[in-house]
Structures are given as C-alpha cells and as structure tokens.
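Written below as structure tokens is the structure these notes are about.
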Amino acid sequence: MALVITLAMLILVILVVVAIYYLAKAIVYLAANTIVGLIILAVLKWLGLLSGLNIGLWDVILTAIGGVVGVFIIILLYFLGYDI
C-alpha cells in the first residue's frame, strides 16, 4: 500500500514539474512578444510614421497583452480614425 502511494506521489510531482516547465516556456514567449511589440510601437512613433498618435495607457496595455498583433491593431485603428 505504501508503494502505491509513493508511486502516485512521484507521478504527481513529475506532472507538476512538466506543467511548470511548459508554463515557463509560454511566459518567456509572451514576454518576448510584449517587448518586441513595445519596441515596434516606440520606433514607429520615433520615425514619425504615427506622428498624430498619442501613445497612452490603453495603447501600452493593448501592446503588452497583444504584442506585435496589438501594435497592428493600434495602427489599424489609427488609420481608421479611432484613437484609443
């Protein structure tokens, strides 16, 4: 009986370690996507391509959540006349 409980605990620990590994990989990808998105937004503003756009809190939040896709959404909204 003790052997079964020990094996069950070992399997549970292995599953938790694997889950933490995949979560850490996803967080690294999301962080990199966010940083790249913020850099793209800053460079576009610096180059003057989005000279009329005032980068506000919602722009930064959308870029932080969406990354590069968030920047494209902000650009699309800017050219459609919406300023968030």
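The values are calculated or read from the model by the stated rules, or taken from the named source; none is laboratory data. Remember, it's a predicted structure, so these values are computed and weren't measured experimentally. Note that each Cβ is placed from the backbone with ideal geometry, even for glycine, and that neighbours are counted across all protein chains shown.
Does A31 fit the bill of being among the small types (G, A, S), within 30 Å of D83 (Cβ to Cβ) and either touching a residue at least 60 places away in the same chain (Cβ under 8 Å) or part of a helix (DSSP H, G or I) (or both)? Criteria met by A31. Can G81 be described as among the small types (G, A, S) and within 22 Å of the chain's Cα centre (by Cα)? No, not satisfied. I'm checking my understanding of the structure. Among residues of the range 32-49 that are of a type outside the set (G, A, S) and more than 16 Å from the chain's Cα centre (by Cα), which one is surrounded by the most Cβ atoms within 10 Å (Cβ to Cβ)? The qualifying residue surrounded by the most Cβ atoms within 10 Å (Cβ to Cβ) is L44. In the range 50-84, of all residues being in a loop (DSSP other than H, G, I, E, B) and surrounded by 12 or more Cβ atoms within 10 Å (Cβ to Cβ), the one that is modelled with the highest pLDDT corresponds to G67.
Taken over the range 50-82, the residue count meeting the criterion of being of a type in the set (S, T, N, Q) and under 16 Å from V36 (Cβ atoms) is 1.
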